[in-house]
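Some notes on the structure that comes next.
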2 protein chains.
Amino acid sequence: MLGKPRRLALLAEGCFTPLDAKTAVGVLRYRAGEVAAVLDSTRAGRTAAECAGVGGDVPVVADLQAAAARGADSLLIGIAPQGGDLPPSFRAVVRAALERGWDVLSGLHVFLGDDRELAALAAAHGARLVDVRRPPLALRIAAARAADLEALVVLTVGTDCNVGKMTTALELRRALIERGVRAAFVATGQTGIFIADAGVAVDAVPSDFVAGAVEECLIEAARAADVVLVEGQGALQHPAYSCVTLGLLHGAAPAALVLCHDAARARIRRSAADAVGQAILPLEAVRESYETAAGWVAPARVVGAALHTGALDEGPARAACERAAASLGLPATDPVRFGADALAEAIERALERRRAARAPAGRSHASHA
Amino acid sequence: MLGKPRRLALLAEGCFTPLDAKTAVGVLRYRAGEVAAVLDSTRAGRTAAECAGVGGDVPVVADLQAAAARGADSLLIGIAPQGGDLPPSFRAVVRAALERGWDVLSGLHVFLGDDRELAALAAAHGARLVDVRRPPLALRIAAARAADLEALVVLTVGTDCNVGKMTTALELRRALIERGVRAAFVATGQTGIFIADAGVAVDAVPSDFVAGAVEECLIEAARAADVVLVEGQGALQHPAYSCVTLGLLHGAAPAALVLCHDAARARIRRSAADAVGQAILPLEAVRESYETAAGWVAPARVVGAALHTGALDEGPARAACERAAASLGLPATDPVRFGADALAEAIERALERRRAARAPAGRSHASHA
């Protein structure tokens, strides 16, 4: 991961749950083979699967020493707190990891490499501070180039933050590759970058350059892909993050959108503690908002819905997918729980339509002859 | 300006025109009394008014020595190029200004204070490098607090970049103050910050924090104002800058919008050289897009249109305003050319409606009794 093979200790002290340790959970879902242990002294002795539903038998341990005994050689900050500061309680652990000569991988808004104390410690012990959220040095202004790509660009969009946009894109990549489609994933957030070993954390990019940064990543990814799945961020209806969402939507200029929703959520979460955000609109209205906003620059259509149903039993979960499918007139599934096939098929159809529409008129005539 | 009284030399070498030297023109329009000279050797010997239609008799000169002879003691970078780099030809002038001990004020994306050579020169000569686009150190996530302010928040929005959003907000502040309304201006871009001596350049703020940054400025400005006029940025339909626009719209949560448009422009300018951007939608459609997007977080209504008619003769300019007014069913004017009164009146009516709607039921009864 990020430059060399690693055995990771995921730092999630006091918060190793699916909602609070989003980054740790994402890494465990897609790169569990590289995880030696999860650090959370309040849950030590349990397995990752017991705490977070992913990661199988990866042990949860109390401290760095126990993680080292499991073979860990790098520390990954496993949370993505709102605002992106290093929680004070994490600082001592980061220091101790550097003193062991471990690299520390971080997706926080605050760059550990800019912290004098930590940078000095890293230098003294031959360790690296890897800040994956740091924007690329060369930033470009978008020029609406993505809409002209040969590849089909698919963006996952959502009714709120943390509703499965990254996971849906990754599950769709897997399902499409299994179906023989050359599919690529473009990470746009810290967890996705840890998983994909590439990408750009658009929420840390100065706002003038958000669309340009995603355009750049996407054009690179499209060189060897028929379908490019772009990880969405935020929601058009989110009072703090809509800026990131629209920048992504216009920079990626997708032809197809997959609408992601947490089936158990009724209100937008402005923060982890927030219970009074505005009501989430009906899915049809959210679909309309994304298609309208995309159309300001390049037309896009929602081709299906991905529901996160983790909080529901199986019966209600299936019923929620059926209701979503009926209300949208489109395939709807929980790609983790029920598989992504229905959505992958919808994307294949969108790819065929795109190819047919882009085929030179002469060729189309010839095939009719 | 920015910390102390100054006599400014505005650097606009080779580009002192209204479109290319937007920052210089803004400073000349609102703070001409502090400008000693404009630097553009290709136009030396003329007056500011002859070149750019503003700034009266302020002389255009060929070099720093001539500006010094006019009393200049500070250099202000008078352009806002796309991408925000320091043009190579400007570097020698910045160096020479620092060697004279002049402060250099910049609104570029590239921070002059982070340039080792320039920082060393400044230190050696007791000069300051003032980067007004540098984001505030403490950034906050928005919490949709602006919608609850007592003051009426008015945001200028537009059909494209560079159509008069800052100028309209400033003209409205002046007109409202003349009418006895306590009106404040919140600058959100580099030129506005030079004019207002405060504000935040939201296009340089990491995208996660754009809405939070404007919310913060606005709450501060609302303490002593009945109407807060927020300078808009970009356009929802702009492929590169829509991210900034939506962050501002949701962070400021305005109740009233003023729609700005360049009456002579038919297509969105992706860059100064771009003639192939997408067609600008009819004003009614643009109005609908802003009201729809605002409504995702807090409802807002367009209360009037501000046309930039600089490229038209007076007859066609008046006709353009009349057409806009008829199509929107709202007041429309060029606030610089024909005055901002019609728009100021519309804002006063919006303020009255807001006060009536927010008055406690009891009080409203009492006044009926």
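Values quoted throughout were computed directly from the atomic coordinates according to the rules given, and no laboratory measurement underlies them. Computed from a predicted structure; not experimentally measured. Here Cβ is always computed from backbone atoms with ideal geometry, including for glycine, and neighbour counts include all displayed protein chains.
A few points about this structure:
- Couplings 3J(HN,Hα) for segment B:4-13, derived from phi with the Karplus relation 6.51 cos²θ - 1.76 cosθ + 1.60 (θ = phi - 60°), are 7, x, 9, 10, 8, 9, 9, 7, 9, 3 Hz, where x marks Gly and Pro.
- For B:Gln278, the label point sits 7 Å beyond Cα toward Cβ; its separations from the matching points on the remaining copies run 2.2 nm, from shortest to longest.
- When you restrict to C-alpha pairs under 8 Å that are six or more residues apart and normalise by the size of segment B:8-131, the relative contact order lands at 23 percent.
- Amide H partners (placed H, <5 Å) of B:Asp262, local residues excluded: B:Thr159, B:His308
- Average beta-carbon neighbours from other chains, 10 Å sphere, peptide B:293-299: 5
- Label separation (B:Asp148 vs B:Asp313): 5.6 nm, computed from points 7 Å beyond Cα along the C-beta direction.
- Based on alpha-carbon atoms, the Kirkwood radius and the radius of gyration of segment A:146-358 give Rg/Rh equal to 0.94.
- Remark: the protein assembly as shown carries a charge dipole of roughly 160 debye about the Cα centre, counting +1 on each Lys and Arg Cβ and -1 on each Asp and Glu Cβ.
- Interchain or long-range residues, amide H under 5 Å from A:Val230's placed H: A:Val154, A:Leu155, A:Thr156, A:Val186
- 3J(HN,Hα) along segment A:305-312, derived from phi through the Karplus expression 6.51 cos²θ - 1.76 cosθ + 1.60 where θ = phi - 60°, amounts to 10, 10, 9, 9, 10, x, 8, 10 Hz, with x in place of Gly and Pro.
- B:Leu39 long-range amide H proximity, modeled H, under 5 Å: B:Leu10, B:Leu11, B:Ala12, B:Val61
- Inter-chain Cβ neighbour count for B:196-209, averaged per residue, equals 6 (cutoff 10 Å, partner chain atoms only).
- Label points for B:Ile219 are taken 7 Å from Cα along Cα→Cβ. From this copy to the others they lie 4.0 nm apart, shortest first.
- Partner shielding of B:227-236 amounts to 1, given as the average count of beta-carbon atoms from other chains within 10 Å of each residue beta-carbon.
- Structure remark: mean-square fluctuation, Gaussian network model of chain A, C-alpha springs under 10 Å; the largest value among A:Gly45, A:Gly234, A:Gly247 belongs to A:Gly45.
- Per-residue 3J(HN,Hα) values for segment B:24-32, derived from phi via the Karplus relation 6.51 cos²θ - 1.76 cosθ + 1.60 with θ = phi - 60°, read 4, 5, x, 5, 5, 5, 10, 9, 4 Hz in sequence order (x marks Gly and Pro).
- Note on B:Lys4: lysines with a C-alpha under 30 Å away, same-chain residues under 8 apart excluded, are B:Lys22, B:Lys165.
- Kirkwood hydrodynamic radius (C-alpha pairs) into Stokes-Einstein, the protein assembly as shown, 10 °C and 1.306 mPa s, D in µm²/s: 58
- Kirkwood Rh, angstrom, segment A:8-131 [1 / mean 1/r, Cα pairs]: 14.0
- Where labels lie 7 Å past Cα in the beta-carbon direction, separation of B:Arg182 and A:Glu99 in nm: 5.5
- Full extension of the chain between A:Arg223 and A:Ala120 gives 33.1 nm of extra length, using 0.36 nm per residue less the Cα-Cα distance.
- Computed from point charges on the beta carbon alone (+1 for Lys and Arg, -1 for Asp and Glu), the dipole magnitude for segment A:8-131 about its Cα centre is near 160 Debye.
- Cα centroid separation, segment B:20-76 to segment B:140-176 (Å): 28
- Note on the protein assembly as shown: dipole from Cβ charges, positive end direction compared against B:Ala66, A:Pro282, B:Pro81; the farthest Cα belongs to A:Pro282.
- Extension gain, A:Arg353 to A:Asp197: 0.36 nm times the residue separation minus the Cα-Cα distance gives 53.0 nm.
- Nm distances between copies for B:Arg267, ranked from closest, using label points 7 Å along Cα→Cβ: 4.8
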